[in-house]
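A.B. asks: Here it is, the structure, as C-alpha coordinates.
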Amino acid sequence: MSTISLSRQSLRRQAYRMSTALTPRLTSRFRTLDPVSRQRLSAFQRDYYKNVTDEGDLDAALDGALAEDRYANIPWLDAALPLDGARVLEIGSGTGESTLALAEQGATVTGLDVDENALGVGRERCRLHGLDADLRVGNAADIGRIFAGQTFDAVIFFASLEHMTLDERLSAIADSWALLRPGGIWSVIEAPNRLWFWDGHTSMDNFYNWLPDEVAARWAHKAARKPFADDFPAGQVFDSIKLARWGRGVSYHEFDLVFGDARRLDVVSNKTDFLRRTNPVMLAHSLVSKGRRYERFLESIAPDVDKGFLRQYLDIIIRKPAAP
Ligand SMILES: C[S@@+](CC[C@H](N)C(=O)[O-])C[C@H]1O[C@@H](n2cnc3c(N)ncnc32)[C@H](O)[C@@H]1O
(Lines give C-alpha, C1' and ligand atoms only; values in the text may rest on other atoms or scores of the structure.)
Protein backbone atom coordinates (compact mmCIF):
# COMPACT_ATOMS: atom_id res chain seq x y z
CA MET A 1 0.00 0.00 0.00
CA SER A 2 1.40 3.39 -0.97
CA THR A 3 2.23 6.32 1.29
CA ILE A 4 -0.56 8.24 -0.46
CA SER A 5 -3.25 5.75 0.53
CA LEU A 6 -1.73 5.50 4.02
CA SER A 7 -2.05 9.26 4.49
CA ARG A 8 -5.59 9.11 3.09
CA GLN A 9 -6.36 6.67 5.89
CA SER A 10 -4.92 9.05 8.50
CA LEU A 11 -6.87 11.95 6.96
CA ARG A 12 -10.05 9.90 7.16
CA ARG A 13 -9.35 9.15 10.81
CA GLN A 14 -8.81 12.86 11.49
CA ALA A 15 -12.09 13.61 9.72
CA TYR A 16 -13.97 11.13 11.92
CA ARG A 17 -13.11 13.32 14.93
CA MET A 18 -15.30 16.11 13.53
CA SER A 19 -18.47 14.09 14.17
CA THR A 20 -21.14 15.67 16.36
CA ALA A 21 -21.93 12.11 17.55
CA LEU A 22 -18.52 11.87 19.22
CA THR A 23 -19.72 13.22 22.55
CA PRO A 24 -17.67 13.87 25.73
CA ARG A 25 -19.62 11.00 27.33
CA LEU A 26 -17.95 8.64 24.84
CA THR A 27 -14.49 10.21 24.62
CA SER A 28 -14.14 10.46 28.42
CA ARG A 29 -14.26 6.65 28.55
CA PHE A 30 -11.32 6.05 26.20
CA ARG A 31 -8.64 4.26 28.19
CA THR A 32 -4.97 5.02 27.75
CA LEU A 33 -2.00 2.82 28.57
CA ASP A 34 1.04 3.72 30.64
CA PRO A 35 4.30 3.48 28.63
CA VAL A 36 5.31 0.07 30.08
CA SER A 37 1.94 -1.55 29.29
CA ARG A 38 1.97 0.05 25.86
CA GLN A 39 5.35 -1.45 25.10
CA ARG A 40 4.22 -4.86 26.30
CA LEU A 41 1.11 -4.78 24.10
CA SER A 42 3.11 -3.53 21.15
CA ALA A 43 5.55 -6.47 21.49
CA PHE A 44 2.62 -8.90 21.72
CA GLN A 45 1.02 -7.43 18.59
CA ARG A 46 4.21 -7.29 16.58
CA ASP A 47 4.81 -10.94 17.36
CA TYR A 48 1.31 -11.83 16.15
CA TYR A 49 1.71 -9.72 13.00
CA LYS A 50 5.31 -10.81 12.29
CA ASN A 51 4.41 -12.09 8.80
CA VAL A 52 2.64 -8.89 7.79
CA THR A 53 5.01 -6.76 5.74
CA ASP A 54 2.56 -4.41 4.04
CA GLU A 55 2.81 -0.92 5.60
CA GLY A 56 -0.89 -0.18 5.26
CA ASP A 57 -1.95 -3.54 6.70
CA LEU A 58 0.39 -3.08 9.67
CA ASP A 59 -0.83 0.45 10.30
CA ALA A 60 -4.44 -0.74 10.21
CA ALA A 61 -3.59 -3.57 12.57
CA LEU A 62 -1.53 -1.64 15.10
CA ASP A 63 -3.32 1.68 15.51
CA GLY A 64 -5.82 2.25 12.74
CA ALA A 65 -8.48 -0.26 13.74
CA LEU A 66 -8.86 1.10 17.27
CA ALA A 67 -9.04 4.70 16.00
CA GLU A 68 -11.73 3.79 13.44
CA ASP A 69 -13.69 1.94 16.10
CA ARG A 70 -13.53 4.72 18.66
CA TYR A 71 -14.23 7.63 16.34
CA ALA A 72 -16.65 6.11 13.82
CA ASN A 73 -18.06 2.73 14.83
CA ILE A 74 -18.73 3.33 18.52
CA PRO A 75 -20.65 6.65 18.17
CA TRP A 76 -22.78 5.04 15.44
CA LEU A 77 -23.54 1.87 17.46
CA ASP A 78 -24.13 3.80 20.68
CA ALA A 79 -26.70 6.03 18.94
CA ALA A 80 -28.76 2.90 18.16
CA LEU A 81 -28.25 1.15 21.50
CA PRO A 82 -26.45 2.75 24.47
CA LEU A 83 -23.47 0.47 24.99
CA ASP A 84 -23.11 1.09 28.73
CA GLY A 85 -24.43 -2.08 30.38
CA ALA A 86 -25.36 -3.78 27.08
CA ARG A 87 -24.66 -7.52 26.70
CA VAL A 88 -22.81 -7.74 23.40
CA LEU A 89 -21.88 -10.84 21.42
CA GLU A 90 -18.98 -9.90 19.16
CA ILE A 91 -18.37 -12.40 16.37
CA GLY A 92 -14.84 -12.38 14.99
CA SER A 93 -13.32 -10.43 17.88
CA GLY A 94 -9.78 -11.17 16.64
CA THR A 95 -6.98 -9.24 18.32
CA GLY A 96 -9.47 -7.25 20.33
CA GLU A 97 -9.31 -3.61 19.18
CA SER A 98 -13.08 -3.66 18.66
CA THR A 99 -13.57 -5.59 21.91
CA LEU A 100 -11.66 -2.91 23.80
CA ALA A 101 -13.63 -0.11 22.10
CA LEU A 102 -16.92 -1.75 23.17
CA ALA A 103 -15.82 -2.76 26.67
CA GLU A 104 -14.40 0.65 27.61
CA GLN A 105 -17.88 2.09 26.94
CA GLY A 106 -19.29 -0.23 29.61
CA ALA A 107 -20.54 -3.09 27.41
CA THR A 108 -20.28 -6.64 28.73
CA VAL A 109 -18.55 -8.28 25.79
CA THR A 110 -18.52 -11.95 24.87
CA GLY A 111 -16.18 -12.44 21.91
CA LEU A 112 -15.75 -15.41 19.60
CA ASP A 113 -13.04 -16.13 17.05
CA VAL A 114 -11.59 -19.12 15.21
CA ASP A 115 -8.05 -17.82 15.71
CA GLU A 116 -6.73 -18.78 19.15
CA ASN A 117 -3.57 -16.67 18.73
CA ALA A 118 -5.57 -13.56 17.86
CA LEU A 119 -7.67 -14.12 20.97
CA GLY A 120 -4.44 -14.25 23.00
CA VAL A 121 -3.61 -10.70 21.84
CA GLY A 122 -7.21 -9.66 22.53
CA ARG A 123 -7.06 -11.01 26.11
CA GLU A 124 -3.77 -9.22 26.77
CA ARG A 125 -5.14 -5.97 25.29
CA CYS A 126 -8.18 -6.10 27.56
CA ARG A 127 -6.14 -7.06 30.62
CA LEU A 128 -3.63 -4.23 30.13
CA HIS A 129 -6.49 -1.75 29.77
CA GLY A 130 -8.07 -3.04 33.00
CA LEU A 131 -11.08 -4.47 31.18
CA ASP A 132 -12.74 -7.83 31.30
CA ALA A 133 -14.18 -9.67 28.29
CA ASP A 134 -15.17 -13.30 27.86
CA LEU A 135 -13.19 -14.32 24.76
CA ARG A 136 -13.82 -17.80 23.41
CA VAL A 137 -12.36 -19.83 20.60
CA GLY A 138 -14.82 -21.33 18.12
CA ASN A 139 -16.37 -21.07 14.69
CA ALA A 140 -19.30 -18.70 14.16
CA ALA A 141 -21.09 -21.57 12.44
CA ASP A 142 -21.35 -23.23 15.87
CA ILE A 143 -22.66 -20.30 17.91
CA GLY A 144 -26.08 -21.87 18.36
CA ARG A 145 -24.39 -24.68 20.32
CA ILE A 146 -21.65 -22.59 21.98
CA PHE A 147 -24.05 -19.99 23.40
CA ALA A 148 -27.14 -22.18 23.87
CA GLY A 149 -29.43 -20.67 26.51
CA GLN A 150 -27.76 -17.23 26.44
CA THR A 151 -29.38 -14.00 25.24
CA PHE A 152 -27.74 -10.78 24.08
CA ASP A 153 -28.83 -7.15 23.64
CA ALA A 154 -26.59 -6.79 20.60
CA VAL A 155 -24.88 -9.13 18.15
CA ILE A 156 -22.06 -7.60 16.13
CA PHE A 157 -20.20 -9.14 13.20
CA PHE A 158 -17.26 -6.80 13.60
CA ALA A 159 -15.33 -6.92 10.29
CA SER A 160 -15.83 -10.69 10.19
CA LEU A 161 -18.83 -11.76 8.07
CA GLU A 162 -16.85 -11.22 4.85
CA HIS A 163 -14.19 -13.68 6.06
CA MET A 164 -16.61 -16.58 6.38
CA THR A 165 -17.60 -19.22 3.84
CA LEU A 166 -21.16 -19.01 2.57
CA ASP A 167 -22.30 -21.91 4.80
CA GLU A 168 -20.70 -20.26 7.85
CA ARG A 169 -22.35 -16.92 7.00
CA LEU A 170 -25.82 -18.36 6.61
CA SER A 171 -25.81 -20.40 9.81
CA ALA A 172 -24.06 -17.65 11.81
CA ILE A 173 -26.62 -15.03 10.70
CA ALA A 174 -29.58 -17.30 11.51
CA ASP A 175 -28.24 -18.61 14.84
CA SER A 176 -27.05 -15.22 16.10
CA TRP A 177 -30.47 -13.72 15.32
CA ALA A 178 -31.99 -16.41 17.54
CA LEU A 179 -29.64 -15.40 20.41
CA LEU A 180 -30.80 -11.78 20.26
CA ARG A 181 -33.47 -10.54 22.67
CA PRO A 182 -36.60 -9.03 21.09
CA GLY A 183 -35.90 -5.33 20.49
CA GLY A 184 -32.14 -5.96 20.42
CA ILE A 185 -29.82 -4.90 17.60
CA TRP A 186 -27.94 -7.03 15.08
CA SER A 187 -25.10 -5.41 13.21
CA VAL A 188 -22.62 -6.14 10.46
CA ILE A 189 -19.65 -3.80 10.26
CA GLU A 190 -17.15 -3.13 7.44
CA ALA A 191 -18.23 -5.98 5.18
CA PRO A 192 -17.35 -5.07 1.57
CA ASN A 193 -20.43 -4.94 -0.62
CA ARG A 194 -20.45 -7.56 -3.38
CA LEU A 195 -22.40 -5.10 -5.57
CA TRP A 196 -19.68 -2.43 -5.44
CA PHE A 197 -17.48 -1.80 -8.50
CA TRP A 198 -14.25 -1.50 -6.51
CA ASP A 199 -12.85 -3.92 -3.96
CA GLY A 200 -11.02 -1.81 -1.38
CA HIS A 201 -10.81 -4.72 1.07
CA THR A 202 -9.07 -7.77 -0.39
CA SER A 203 -7.65 -7.23 -3.89
CA MET A 204 -7.62 -3.42 -4.27
CA ASP A 205 -8.95 -3.95 -7.79
CA ASN A 206 -11.96 -3.10 -9.87
CA PHE A 207 -14.83 -5.57 -10.17
CA TYR A 208 -13.18 -8.21 -7.95
CA ASN A 209 -16.27 -8.76 -5.81
CA TRP A 210 -18.27 -9.45 -8.97
CA LEU A 211 -16.17 -12.49 -9.91
CA PRO A 212 -17.35 -16.00 -9.03
CA ASP A 213 -15.04 -17.55 -6.40
CA GLU A 214 -13.17 -19.86 -8.79
CA VAL A 215 -12.37 -17.04 -11.21
CA ALA A 216 -11.46 -14.78 -8.27
CA ALA A 217 -9.01 -17.39 -6.94
CA ARG A 218 -7.37 -18.06 -10.31
CA TRP A 219 -7.07 -14.36 -11.10
CA ALA A 220 -5.86 -13.37 -7.61
CA HIS A 221 -2.14 -13.48 -8.51
CA LYS A 222 -2.79 -10.46 -10.76
CA ALA A 223 -4.37 -8.36 -7.99
CA ALA A 224 -2.99 -4.92 -7.14
CA ARG A 225 -2.61 -5.79 -3.45
CA LYS A 226 0.70 -7.60 -3.35
CA PRO A 227 0.48 -9.71 -0.15
CA PHE A 228 -2.87 -11.03 -1.38
CA ALA A 229 -1.59 -11.70 -4.92
CA ASP A 230 1.51 -13.47 -3.53
CA ASP A 231 -0.69 -15.84 -1.53
CA PHE A 232 -2.30 -17.14 -4.74
CA PRO A 233 0.49 -18.20 -7.12
CA ALA A 234 -0.70 -18.86 -10.68
CA GLY A 235 -1.87 -22.42 -11.31
CA GLN A 236 -2.60 -23.23 -7.65
CA VAL A 237 -5.50 -25.55 -6.78
CA PHE A 238 -8.65 -23.63 -5.79
CA ASP A 239 -8.87 -23.34 -2.00
CA SER A 240 -12.26 -21.89 -1.09
CA ILE A 241 -11.50 -21.52 2.65
CA LYS A 242 -8.28 -19.60 1.98
CA LEU A 243 -10.09 -17.23 -0.37
CA ALA A 244 -12.94 -16.76 2.14
CA ARG A 245 -10.52 -15.95 4.99
CA TRP A 246 -8.96 -13.15 2.92
CA GLY A 247 -12.46 -11.72 2.56
CA ARG A 248 -15.18 -11.79 -0.09
CA GLY A 249 -18.07 -9.43 -0.65
CA VAL A 250 -21.40 -9.74 1.13
CA SER A 251 -24.76 -8.46 -0.18
CA TYR A 252 -28.44 -8.44 0.70
CA HIS A 253 -28.70 -11.84 -0.99
CA GLU A 254 -27.37 -13.66 2.12
CA PHE A 255 -30.11 -11.91 4.12
CA ASP A 256 -32.76 -12.92 1.58
CA LEU A 257 -31.56 -16.51 1.95
CA VAL A 258 -31.78 -16.46 5.77
CA PHE A 259 -34.85 -14.28 6.31
CA GLY A 260 -36.81 -14.96 3.12
CA ASP A 261 -36.86 -11.28 2.12
CA ALA A 262 -34.21 -8.76 3.21
CA ARG A 263 -36.64 -5.92 2.44
CA ARG A 264 -38.77 -6.88 5.44
CA LEU A 265 -35.89 -6.33 7.88
CA ASP A 266 -36.00 -3.23 10.07
CA VAL A 267 -32.66 -1.63 9.07
CA VAL A 268 -32.55 1.23 11.57
CA SER A 269 -29.24 2.73 10.52
CA ASN A 270 -26.33 2.51 8.10
CA LYS A 271 -22.98 3.97 9.08
CA THR A 272 -22.24 5.75 5.79
CA ASP A 273 -25.37 7.89 5.96
CA PHE A 274 -25.03 8.32 9.74
CA LEU A 275 -21.51 9.74 9.29
CA ARG A 276 -22.75 12.11 6.58
CA ARG A 277 -25.54 13.33 8.87
CA THR A 278 -23.28 13.86 11.86
CA ASN A 279 -20.03 14.93 10.22
CA PRO A 280 -19.75 17.92 7.83
CA VAL A 281 -16.44 16.65 6.44
CA MET A 282 -17.93 13.30 5.47
CA LEU A 283 -20.94 15.04 3.96
CA ALA A 284 -18.75 17.39 1.91
CA HIS A 285 -16.66 14.46 0.68
CA SER A 286 -19.75 12.53 -0.43
CA LEU A 287 -20.98 15.46 -2.52
CA VAL A 288 -17.99 15.24 -4.83
CA SER A 289 -17.30 11.51 -4.79
CA LYS A 290 -17.65 9.01 -7.62
CA GLY A 291 -18.97 6.57 -5.02
CA ARG A 292 -22.00 8.79 -4.32
CA ARG A 293 -22.87 8.77 -8.02
CA TYR A 294 -22.68 4.97 -8.03
CA GLU A 295 -24.84 4.77 -4.87
CA ARG A 296 -27.48 6.83 -6.69
CA PHE A 297 -27.30 4.47 -9.65
CA LEU A 298 -27.79 1.42 -7.39
CA GLU A 299 -30.69 3.18 -5.61
CA SER A 300 -32.35 3.86 -8.97
CA ILE A 301 -32.26 0.19 -10.02
CA ALA A 302 -33.15 -1.25 -6.60
CA PRO A 303 -35.40 1.39 -4.97
CA ASP A 304 -37.04 -1.18 -2.68
CA VAL A 305 -33.74 -2.37 -1.17
CA ASP A 306 -32.64 -0.53 1.98
CA LYS A 307 -29.89 2.02 1.22
CA GLY A 308 -27.64 0.34 3.77
CA PHE A 309 -27.27 -2.57 1.33
CA LEU A 310 -26.31 -0.16 -1.46
CA ARG A 311 -23.23 1.48 0.06
CA GLN A 312 -19.58 0.47 -0.48
CA TYR A 313 -19.55 -1.45 2.79
CA LEU A 314 -22.37 -3.17 4.61
CA ASP A 315 -22.34 -1.20 7.87
CA ILE A 316 -25.86 -1.78 8.99
CA ILE A 317 -27.87 -2.10 12.17
CA ILE A 318 -31.04 -4.20 12.10
CA ARG A 319 -33.50 -4.19 14.98
CA LYS A 320 -35.20 -7.42 15.98
CA PRO A 321 -38.91 -6.80 16.41
CA ALA A 322 -40.02 -6.45 20.03
CA ALA A 323 -42.06 -9.37 21.37
CA PRO A 324 -45.79 -8.99 20.48
C1 LIG B 1 -10.53 -8.54 10.22
S2 LIG B 1 -10.62 -9.46 11.69
C3 LIG B 1 -11.61 -8.43 12.71
C4 LIG B 1 -11.15 -8.43 14.13
C5 LIG B 1 -11.82 -7.43 15.05
N6 LIG B 1 -13.25 -7.63 15.18
C7 LIG B 1 -11.57 -6.01 14.62
O8 LIG B 1 -12.50 -5.38 14.09
O9 LIG B 1 -10.44 -5.52 14.78
C10 LIG B 1 -11.72 -10.79 11.27
C11 LIG B 1 -11.76 -11.88 12.31
O12 LIG B 1 -12.80 -12.80 11.98
C13 LIG B 1 -12.35 -14.09 12.36
N14 LIG B 1 -13.14 -15.11 11.66
C15 LIG B 1 -13.15 -15.40 10.34
N16 LIG B 1 -13.98 -16.42 10.09
C17 LIG B 1 -14.53 -16.78 11.27
C18 LIG B 1 -15.47 -17.77 11.66
N19 LIG B 1 -16.02 -18.59 10.77
N20 LIG B 1 -15.81 -17.87 12.97
C21 LIG B 1 -15.26 -17.02 13.89
N22 LIG B 1 -14.35 -16.08 13.58
C23 LIG B 1 -14.00 -15.95 12.28
C24 LIG B 1 -10.89 -14.09 11.97
O25 LIG B 1 -10.16 -15.11 12.65
C26 LIG B 1 -10.47 -12.68 12.35
O27 LIG B 1 -9.93 -12.63 13.65
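A.B. asks: Would you kindly derive the ³J(HN,Hα) couplings of the range 85-102 from the backbone phi angles with the Karplus curve 6.51 cos²θ - 1.76 cosθ + 1.60 (θ = phi - 60°), listing them in order in whole Hz, with x for Gly and Pro?
C.D. replies: x, 6, 8, 10, 9, 9, 9, x, 6, x, 7, x, 4, 5, 4, 4, 4, 6
A.B. asks: Please turn the phi angles of the range 294-308 into ³J(HN,Hα) values with the Karplus equation 6.51 cos²θ - 1.76 cosθ + 1.60 (θ = phi - 60°), one per residue in order, whole Hz, x for glycine and proline.
C.D. replies: Listing the rounded values in order: 5, 4, 4, 4, 4, 4, 6, 8, 9, x, 8, 8, 4, 4, x Hz.
A.B. asks: Cut-off 10 angstrom, C-alpha nodes, Gaussian network model of the chain. Which of Glu162, Glu124, Glu214 fluctuates the most?
C.D. replies: For the chain, modelled as a Gaussian network with Cα springs under 10 Å, the answer is Glu214.
A.B. asks: Which residue, Arg25, Arg123, Arg277, has the most motion in a Gaussian network model of the chain that connects Cα atoms within less than 10 Å?
C.D. replies: Arg25
A.B. asks: Right, another one. In the range 208-248, what percent of the accessible surface is made up of carbon and sulfur (1.4 Å probe, ligands and nucleic acids excluded)? All intermediate terms of the calculation are to be shown ahead of the outcome.
C.D. replies: Details: 1400 of 2390 Å².
Of all accessible area on the range 208-248, carbon and sulfur atoms account for 59 percent.
A.B. asks: Students sometimes get this wrong: rank His253, His285 by accessible area, probe 1.4 Å, all chains present, largest first. Mind showing how you got there, number by number?
C.D. replies: Values: His253 80, His285 120 Å².
The ordering from most to least exposed comes out as His285, His253.
A.B. asks: Kindly identify the chain as rounded, prolate or oblate by the Cα gyration tensor criterion: order the square roots of the eigenvalues as a ≥ b ≥ c, call it rounded if a/c is under 1.5, otherwise compare a/b with b/c, prolate if a/b is larger, else oblate.
C.D. replies: Rounded, since a/c falls under 1.5.
A.B. asks: With +1 on the Cβ of every Lys and Arg and -1 on the Cβ of every Asp and Glu, and nothing else charged, how large is the dipole of the range 208-248 about its Cα centre, in debye rounded to the nearest 20?
C.D. replies: Details: 7 positive and 5 negative charges, 30 e Å.
That gives the range 208-248 a dipole magnitude of about 140 debye.
A.B. asks: Could you check what % of the DSSP bridge pairs in the chain are antiparallel, to the nearest 5? All intermediate terms of the calculation are to be shown ahead of the outcome.
C.D. replies: Values: 12 of 32 bridges.
Within the chain, antiparallel bridges account for around 40 percent of the total.
A.B. asks: Among Lys271/Lys320; Lys50/Lys242; Lys222/Lys242; Lys242/Lys307; Lys50/Lys222, which pairs are too far apart, with a Cα-Cα distance over 26 Å?
C.D. replies: Details: Lys271/Lys320 18 Å; Lys50/Lys242 19 Å; Lys222/Lys242 17 Å; Lys242/Lys307 31 Å; Lys50/Lys222 24 Å.
Where the Cα-Cα span goes over 26 Å, the pairs concerned are Lys242/Lys307.
A.B. asks: Calculate for the chain the 222 nm mean residue ellipticity that helices alone would give, adding -39,500 (n - 2.57) per DSSP H run of length 4 or more and normalising by residue count, nearest 500 deg cm²/dmol.
C.D. replies: Numbers: 17 runs with 142 residues, N = 324.
Rounded to the nearest 500, the figure is -12000 deg cm²/dmol.
A.B. asks: Moving on. Once phi is turned into θ = phi - 60°, what whole-Hz ³J(HN,Hα) does the Karplus curve with 6.51, -1.76 and 1.60 give for every residue of the range 167-179, x standing for Gly and Pro?
C.D. replies: With coefficients 6.51, -1.76 and 1.60, one gets 4, 4, 4, 5, 6, 5, 5, 5, 6, 6, 4, 5, 7 Hz.
A.B. asks: Hey, for a label at Asp54 modelled as a point 7 Å past Cα toward Cβ, could you say which residues of the range 146-183 have their backbone N under 11 Å away?
C.D. replies: none
A.B. asks: Once you have the Cα-Cα distance between Val36 and His253, take 0.36 nm times their residue separation minus that, and quote the gain in nm to one decimal.
C.D. replies: On the way: separation 217, 0.36 × 217 = 78.12 nm, distance 4.76 nm.
Going from the current span to full extension adds 73.4 nm.
A.B. asks: Taking all protein chains together and a probe of 1.4 Å, list Arg319, Arg46 from the most accessible to the least accessible.
C.D. replies: On the way: Arg319 70, Arg46 130 Å².
Per-residue accessible area, sorted high to low, gives Arg46, Arg319.
A.B. asks: On a 1.4 Å probe surface of the protein chains, which of Asp230, Asp78, Asp132 comes out largest in accessible area, and what is the full order?
C.D. replies: Working: Asp230 95, Asp78 15, Asp132 135 Å².
Ranked from most to least accessible, the order is Asp132, Asp230, Asp78.
A.B. asks: A further question follows. Taking the Cα centre of the chain as the origin, how large is its charge dipole in debye, to the nearest 20, when only Lys and Arg (+1) and Asp and Glu (-1) carry charge on their Cβ atoms?
C.D. replies: Details: 41 positive and 44 negative charges, 194 e Å.
Roughly 940 debye, rounded to the nearest 20.
A.B. asks: Sticking with this structure for a sec: Let me know the shape class of the range 109-249, please: from the alpha-carbon gyration tensor, a ≥ b ≥ c as square roots of the eigenvalues, rounded when a/c is under 1.5, otherwise prolate if a/b is greater than b/c, or oblate.
C.D. replies: Values: a/c = 2.19, a/b = 1.71, b/c = 1.28.
Judged from the Cα gyration tensor, the range 109-249 comes out prolate (a/c at least 1.5, a/b above b/c).
A.B. asks: Sort out for me the Cα centre separation of the range 285-310 from the range 103-174, rounded to whole Å.
C.D. replies: Using only Cα atoms to place each centre, the spacing works out to 31 Å.
A.B. asks: Principal axis lengths of the range 208-248 from Cα atoms, whole Å, largest first?
C.D. replies: Extents along the principal axes, in whole Å: 19, 19, 16.
A.B. asks: Looking only at Leu257, Leu77, Leu310, which one moves most when the chain is put into a Gaussian network model with springs between Cα atoms under 10 Å?
C.D. replies: Leu257
A.B. asks: Right, next: Report Leu131's accessible area, 1.4 Å probe, all protein chains in place, as a number in Å² to the nearest 10.
C.D. replies: 20
The values are calculated or read from the model by the stated rules, or taken from the named source; none is laboratory data. Note that this is a predicted model, so its numbers are computed, not measured. For neighbour counting, all protein chains shown are included, and Cβ atoms are generated from backbone atoms with ideal geometry for every residue, glycine included. Heads up: the accessible areas ignore ligands, DNA and RNA and are worked out on the full protein's heavy atoms, side chains in. Shrake-Rupley method; radii C 1.70, N 1.55, O 1.52, S 1.80 Å.
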